[in-house]
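Reading through the structure tokens given below for one structure.
The values are calculated or read from the model by the stated rules, or taken from the named source; none is laboratory data. Note that the structure is predicted; figures quoted are calculated from it, not measured. Neighbour counts are summed over all protein chains in view; Cβ atoms, including those assigned to glycine, are modelled from backbone coordinates with ideal geometry.
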Amino acid sequence: MAQRIATIKRKTKETDIELTLNLDGTGANQVKTPVPFLNHMLEAFSKHSGFDLTVRAKGDTHIDDHHTVEDVGICLGQALEKALGNKEGISRYGHFYVPLDEALVRAVVDLSGRNYINFALDLVVKKRIGNFDTELVEDFFRAATDNGKFNLHLEKIHGRNSHHIVEAAFKSFARALKMAVATDSKIKGVPSTKGNL
């Protein structure tokens, strides 16, 4: 099987990002962005997906964290799509529930080739986790799904603490994605009646 690794470089007037994703890794990661909470979430994503992830990002965080968070999401989505190639032999679908104390979040993924997100974490707009705006969580996942061309339902079932909810979201997404990209020797070709994804 070909190596499922992709590197994406994105440089704009607002950000400068290089991201490498290895779908068949061990969860090793080196993440360095100017947004500490994003670093924490990406490290958790790598650990729980089993994907190797390297991120080097600079951004205009003196203005706002938005550009950096969204552009890292763009790069992650593009890297996922590129690493998957033609998607032959993958499971395609994945789902996972992750509890974190009082929080419980469900993620359901379809690597369909069509982007859609149902973002239902019910976070308080403008609420902050440390210095991090929780509204950026949706921006990150929307950028990833739009650029990765996959379907994601991300839903809070229970939860009060925003940090717990968001961390459970990243972990459940990671575990669902791990299931969806897994290869299955019983699957011949692309897992779609249309013949492509």
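Side notes on the structure shown:
- Cross-chain or 6+ apart pairs with Cβ under 7 Å, region 106-122 first and under 9 Å from Tyr93 (Cβ atoms), then among the charged types (D, E, K, R): Asp110/Arg92; Leu111/Lys87; Leu111/Arg92
- Residue in region 154-162 that is within 21 Å of Arg114 (Cα to Cα) and not hydroxyl-bearing (Ser, Thr, Tyr) present: yes
- Of all residues in region 87-112, exactly one satisfies the criterion of being modelled with pLDDT of 95 or more, out of contact with any strand residue (DSSP E or B) (no Cβ under 9 Å at 6 or more places or on another chain) and not aliphatic (A, V, I, L, M), namely Asp101.
- Tabulated pairs, region 126-139, first on the phi > 0 side of the Ramachandran plot, second surrounded by 19 or more Cβ atoms within 10 Å (Cβ to Cβ) and among the β-branched types (Val, Ile, Thr), C-beta under 8 angstrom, 6+ apart or interchain: Lys126/Thr134
Matching residues to (1) within 14 Å of the chain's Cα centre (by Cα); (2) surrounded by fewer than 18 Cβ atoms within 10 Å (Cβ to Cβ); (3) more than 17 Å from Phe170 (Cα to Cα):
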| residue | (1), (2), (3) |
| --- | --- |
| Leu19 | yes, no, yes |
| Pro36 | no, yes, no |
| His95 | yes, yes, no |
| Asp101 | no, yes, no |
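- Of the residues making up region 10-52, those that are among the hydrophobic types (A, V, I, L, M, F, W, C), more than 17 Å from Ala83 (Cα to Cα) and touching a strand residue (DSSP E or B) at 6+ places or on another chain (Cβ under 8 Å) are Ile17, Val31, Val35, Phe37, Leu38, Leu42.
- Thr7 vs. criteria of a type outside the set (Lys, Arg) and more than 16 Å from the chain's Cα centre (by Cα): no
- In region 167-197, the qualifying residues are those that are among the basic types (Lys, Arg) and at pLDDT 95 or above, and the one that is nearest to Val69 (Cα to Cα) is Lys171.
- Qualifying residue in region 45-54 (condition: more than 26 Å from Ala182 (Cα to Cα), assigned to a strand (DSSP E or B) and not charged (D, E, K, R)): no
- In this structure, Asn131 does satisfy being within 30 Å of Lys9 (Cβ to Cβ) and over 15 Å from the mean Cα position of the chain (by Cα).
- Comparison of Leu121, Leu84 shows that the only residue that is at pLDDT 95 or above and crowded, with 21+ Cβ neighbours inside 10 Å is Leu84.
- For region 147-174, residues that are touching a residue at least 60 places away in the same chain (Cβ under 8 Å), within 29 Å of Lys82 (Cβ to Cβ) and surrounded by fewer than 17 Cβ atoms within 10 Å (Cβ to Cβ) total 0.
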